[in-house]
Every structure is written in structure tokens, then in C-alpha cells.
């Protein structure tokens, strides 16, 4: 059994790992692949019942095309909020790093984190752009206070970074709930489709990430219940 790593050793391990494996928003996502095309009339945009809005009686009573439209806008808005939130994280990290001493292992670790977050932001905004949804993202009050919050990355770093973790938890919880139901927005709210939708650990067959083969399989298995989610 290996010895427990010290704090500094853990930071070094994570930093080295960031060199070997990292994410690039435009190299790692084939945005122009037809399998990744955002199809406005795709029923898989319908929000699942695990979503607070998707499970509301008002939303469930809407016509199908309206549910699809709202579902796409909601997913785009979640992505917009995500990058706005990560914007605050990046600025807070940079404030924190102003005071770390030379040779600090936190500096390299956090700069790797900032690099990753910038690619997340580009990924989120590219998705928003491709949906064509003109959404605001976070509430107005958040966009006002966001310029002040990063200062606490230097003044009260423990509180600032704890707040960041707390802010990420709601969307993480929603994503995990969707994945537990099968990963797909529409089929996670449809009993017949949910029983046949292919489930593989670590995959999420969403309107923007399903492969052609997976989409063909899901279409055949769910044809009795739902219209085809793919285009001819």
C-alpha cells in the first residue's frame, strides 16, 4: 500500500497530470461533425422530470414544440451561467495568486486550473452560440456583484473557494440526476424510452454528443414510443 502523499506532493501530482492530460474546447469537441449538430426540433431537448422546470405541471402541459424550445433555451442558459460563474472563479484565483510566495506549489496547480477553466468557458459559449438562443445567463444581481466577489479570493480565500464549491453543487446534482435516468433529456422523462435507452458508464447521449451508431440504436428501440430524434 502506497504511503499517503503530503499536501505538496498531491499538488505536484495534479500539476503533472494536467500536463499529460488536458482539455481543449476546439480540439476535443468535433463541433462540425453532423452527429453533434444541434437540431432545433429534436425531442431530446424536452426537459426531464428531474429538472425543476421539466417536472412542473405547467411545462408538461405545453405543446411538444414549445417544450423543445424551452428545453433548448434552458440548457443554453445553464451553460451561460456556467461560464459566468467560472469567470468569477478565474478572477478570484488570480487575486489569490498575487500574494503567494515564489516557489509556491499552489501557483502552478492553480494556473493549470485557470487554463482548463478558460477552455470550459469557450466550450460553453460556443454551445450557446450554436443554439442561437439569446439568453442572459445569471440573474442581474449576480452580474452586478461578480466584479466584487473575486477580491475575496485574496482577502478570505477559504470562504471564497468554499462558496465556489457550493455554487457548483446544484448543477452537478442536476447533471448526475439526468445521468442516473439514462443521460438523455427526453428519454429520461419517458418511461418506455428509458427502459430501452442504452446506458454505459461515463457516457451521456445528449443532443450534442451522441454518435450516429448510438442514435440509430436509440431510434430503433424507441420508435414505438417517440418519433425519430435524427434527421434523414
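Worth pointing out:
- Zone of residue 114's modelled label, taken as backbone nitrogen in segment 72-106 under 15 Å from a point 7 Å along Cα→Cβ: 86-106
- For segment 147-168 and segment 94-122, distance of Cα centres in Å: 14
- Gyration tensor (alpha-carbon) shape descriptor, segment 1-53, a/c threshold 1.5: oblate
- Across the alpha-carbon set of segment 1-91, the Rg to Rh ratio works out to 1.17, Rh being the Kirkwood radius.
- Of the residues 126, 57, 86, the one with the fewest other Cβ atoms within 10 Å heads the list, and the complete ranking is 57, 126, 86.
- Binning the alpha carbon pair distances of segment 39-193 at 10 angstrom intervals from zero yields the distribution 10, 32, 30, 18, 8, 1, 0, expressed in whole percent.
- Taking the number of Cβ atoms within 10 Å of each Cβ as an exposure proxy, the fewest-first ranking of 161, 26 is 26, 161.
- Among 128, 148, a tally of other beta-carbon atoms within 10 Å of each Cβ gives an order, fewest to most, of 148, 128.
- Taking the C-alpha atoms of segment 89-175, convex hull volume expressed per residue in Å³: 115
- Distance between modelled label sites at residue 56 and residue 14, nm, 7 Å Cα→Cβ extension: 3.7
Taken together, the values in this text are just the output of simple stated rules run on the coordinates, not laboratory data. For clarity, every value in this text was computed on a predicted model and none was experimentally measured. In this analysis, Cβ positions are derived from the backbone assuming ideal geometry, glycine residues included, and neighbour counts consider all displayed protein chains.
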